[in-house]
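Reviewing the structure listed below.
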Amino acid sequence: MIELKNISRKFADKYVVKNLNLKIKSGVFFGLLGPNGAGKTTTIRMMLTLLRPTGGKILIEGKDLKRNMIDYKRKLGLVAQHISLEKEMSARENLELHGRLHNLKKEKREKRIKELMDFVGLWKHRDKLIKQMSGGMKRRLMIARAIMHRPKILFMDEPTVGLDPASRRKIWDLLKDLNANGITIFMTTHYIEEAEILCEDIALMDEGEIIARGTPTELKSRVGRFVLEIFNNGKTEYKFFEKREKALDFANELGGNVMLRENTLEDVFIKLTDHGVGD
Amino acid sequence: MGIMPVIWQEWILFKRKFKTISAGALVSPLLYMLAFGLGLGKDLEVNGQPYLVFVIPGIIALTTMNTSYSSIAVLLNIHRIYDKTFEEFIISPLSMFNFTLGKVIAGALRGMYAGAIIIILSFLFGVNLNINIWFIILMFLNALIFAGVGFYAALIIDSHANMSRFSTFVITPMIFLCGTFFPVDNMPLIVKKFIYFLPLTHASQGLRSLARGDGFHWMNIFVMLTYLIVVFILGLREVYQVES
C-alpha cells in the first residue's frame, strides 16, 4: 500500500499540493484526475522521488520512502507523459539500458526483452531507432520498458496523450492485462473516458487537494443520472436530474436548443471543479 | 551494477555517432594547428623550441577540456530539460554517486579520444612528443575536471541558451588564456596570477613540460586534483537535489 500523509509542495509562495492524504491499496487501478494546474503531476513527481515534498511523508507498505529509496525504486515503473526514450538508440537498446539499470543479468535481460517486445507487438521493430518510430510505437515501448523489471507499482502520467483511438485502445488492453496480473497502476489522465474504462478507484484533485474519491459509479452518483445540456447564446449550461421524466419536463418548459443524455464522469468534474478538466 | 549502465549507454551512442564525433574532434584542433602552428608560427620559436612543438600540448589540453565538457554538458542539459531521459536514471535503483561518476568518466573518455586524435595528428605533422604514463594521467585528470564542470553546469543551468553563455564566459576564455597558445609569463602580473588559478593552465603547463621530457610539477597535479574533487562534490550535491 502507498500512503501519502499530509504531503505538501510549495513553489515560491504558492502551495501546488496542500496537505494531501491518499491511500492506494496494492493491486488497484487508480486514477488521479483534475484540471490543469490541479497538482497531479507534482503529486506523481513526489511519489517518483523526482521532487522533494515541502512537508509530509510518503509511506510504502508502512515504511518511510526516504529510508527505503533504492528498494522502492526497484519496485516502481514509470510511463511518463513525454517520450523519455533515448532517440539515438534502438528500441532494443532502450530496453537493454533499463535492464542494466535494474541489474538484470544478461540471459534474463535478453529473454525479458523478447517477451516484452512480443507483448507490445514491437519485436520486428526492435532494431529501429526511436527517432524512426511512430508515437504509438514509442508509447508501447515505454510501457514495455516500465514493466521490464517487474515493478509492483506502475505510474503513468497521461500515458495515451496524443495517440490515435486505435493506438489508445491497444494500450488500454495492455494496461488491463498488467493490472489483472497484480500490478498496482497509478494513472493521471485528461481523457475522462479512459479513466472511466480503466480505473476502479478515482480521486479528483483540484487546487492541490482531493475533492472527491470513489469508483466511477460512486462518483457519478454524486450528480444526477440525467444531464440536460442547454445551449444558449453560445454557452452550454448543464442541469442534472435524478429522473428522466423530470429532465424532460424541464426541457419542455424551456424549449429551444437542448439535449438530454446520461451522465458521464466528465459531468462530475465539471460540476465539482466548476471549470472542467483541461481548463 | 556500479557505473557500467552509464558507460554502456555512452559507448552505444559513441559507436552510433562515431564518424560525427571523430570529425568534430578533428576540425578545431586541426585548424588551430594549421593557423597557429604552421601559418602564424612557422618561423616562430618559443622557449627555444619551434612554435608547433610548443603549441601542441596546449591544443591537447584545450581539446580534452572542450570535448569532455561539451560531451556531458550539452547532452545532459538536453536530457534533463527537454527530452527528460535523465529521469530514467533518477528513478532507477542506480545510486546518484554512481550516476555522477559514470557520467564524468564517460565524458572524460570522450575527451581522451579527442586528445588521442591530436597526438596522432601531431606525429603526422612531424612533431615528436614525449608521451609517457604521466602525460596520459594528466590528460585524463584534465578531462575528468571538465567533464565534472559540464555535469555541474548541465544540472544548474536551466536553458540551452544559458548553457551556451556559460561556455562563452567560462570555457572559451580558458582556451585562449591558459598557456595554450602563448606562455603565461608574457601576461601582466595581475592577469598572470588569475590565470594560475585556472585548471587548464596547470594542464597545459604540465603536458608541455612532460612532452618536452622535463617531468611534471606536483603543484600541477595538486591544483588539478583539488579542482576535480570540488567539481565532483558540486555535481554530486546538485544531483542529490534532483533526487528527492
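How big is the dipole moment of the range B:4-243 about its Cα centre under a simple scheme where the beta carbon of each Lys and Arg is +1, that of each Asp and Glu is -1, and everything else is neutral? Debye, nearest 20, please.
Rounded to the nearest 20 debye, it is 220 debye.
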Worksheet entry | Positive-end residue, the range B:4-243 charge dipole about Cα centroid, Cβ charges, pick of B:TYR51, B:ILE105, B:ILE78 | B:TYR51
Worksheet item: Which links in A:LYS5/A:LYS66; B:LYS19/B:LYS84; A:LYS124/A:LYS176; A:LYS40/A:LYS66 stretch past 19 Å when you go from one Cα to the other?
Response: B:LYS19/B:LYS84; A:LYS124/A:LYS176; A:LYS40/A:LYS66
Practice prompt. Identify all aspartates and glutamates with a Cα-Cα distance to B:LYS17 below 17 Å; exclude those on the same chain that are fewer than 8 residues away in sequence.
Written response: A:GLU86, A:GLU88, A:GLU93, A:ASP127
Discussion item. If you take each beta carbon of peptide A:89-98 and count the beta carbons of other chains within 10 angstrom, what is the mean?
Written reply: 3
Fill in: Fluctuation leader among B:ILE131, B:ILE118, B:ILE190 - chain B, Gaussian network, Cα springs under 10 angstrom
B:ILE190
Worksheet item: Hey, if you put +1 on the Cβ of every Lys and Arg and -1 on every Asp and Glu Cβ in the protein assembly as shown, which of B:LEU138, A:VAL227, A:ILE143 ends up farthest toward the positive end of that dipole?
Response: B:LEU138
Worksheet item: If you count, for every residue in A:100-106, the Cβ atoms of partner chains within 10 Å of its Cβ, what is the mean?
Response: 5
Discussion item. Per residue of the range A:197-203, what does 6.51 cos²θ - 1.76 cosθ + 1.60 with θ = phi - 60° give for ³J(HN,Hα)? Whole Hz please, x for Gly and Pro, Karplus curve as stated.
Written reply: 6, 8, 8, 9, 9, 10, 10
Worksheet item: DSSP H helices in chain B with Cα extent of 15 Å or more along the helix axis and mean Kyte-Doolittle hydropathy at least 0.5?
Response: B:18-32, B:51-81, B:96-124, B:133-156, B:218-242
Worksheet item: Of A:PHE119, A:TRP172, A:GLY214, whose Cα points farthest to the positive end of the dipole of chain A (charges on the beta-carbon: +1 Lys, Arg; -1 Asp, Glu; origin at the Cα centre)?
Response: A:PHE119
Discussion item. For the range A:2-214, what does the relative contact order come out to in percent, with C-alpha contacts under 8 Å and a separation of six or more?
Written reply: 33 percent
Practice prompt. Determine the sum of side-chain charges near A:GLU262: Lys and Arg each +1, Asp and Glu each -1, restricted to other residues whose C-beta is under 15 angstrom from that of A:GLU262.
Written response: +2
Practice prompt. Taking DSSP loops as anything outside H, G, I, E and B, show the longest stretch in chain B free of trypsin sites (Lys or Arg not before Pro) there with at most 16 other beta carbons within 10 Å.
Written response: B:43-211
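With charges set only on the Cβ (+1 for Lys and Arg, -1 for Asp and Glu), what does the dipole of chain A come to about its Cα centre, in debye to the nearest 20?
Dipole size: approximately 1700 debye.
Kindly provide the helix-only [θ] at 222 nm of chain B, computed as the sum of -39,500 (n - 2.57) over DSSP H runs of four or more divided by all residues, to the nearest 500 deg cm²/dmol? Numbers along the way, then the final one.
Numbers: 11 runs with 177 residues, N = 244.
About -24000 deg cm²/dmol.
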Worksheet entry | Cα centroid separation - the range B:175-199 against the range A:198-277, whole Å | 73 Å
Worksheet entry | Relative contact order (%) - criterion: Cα under 8 Å, at least six apart; region: chain B | 26 percent
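Computed from the coordinates by the stated procedures, all read-outs in this text should not be read as laboratory data. Since the model is a prediction, treat every value here as computed from it, not as a measurement. As a convention, Cβ positions derive from the backbone with ideal geometry for all residues, glycine included, and neighbour counts pool all protein chains shown.
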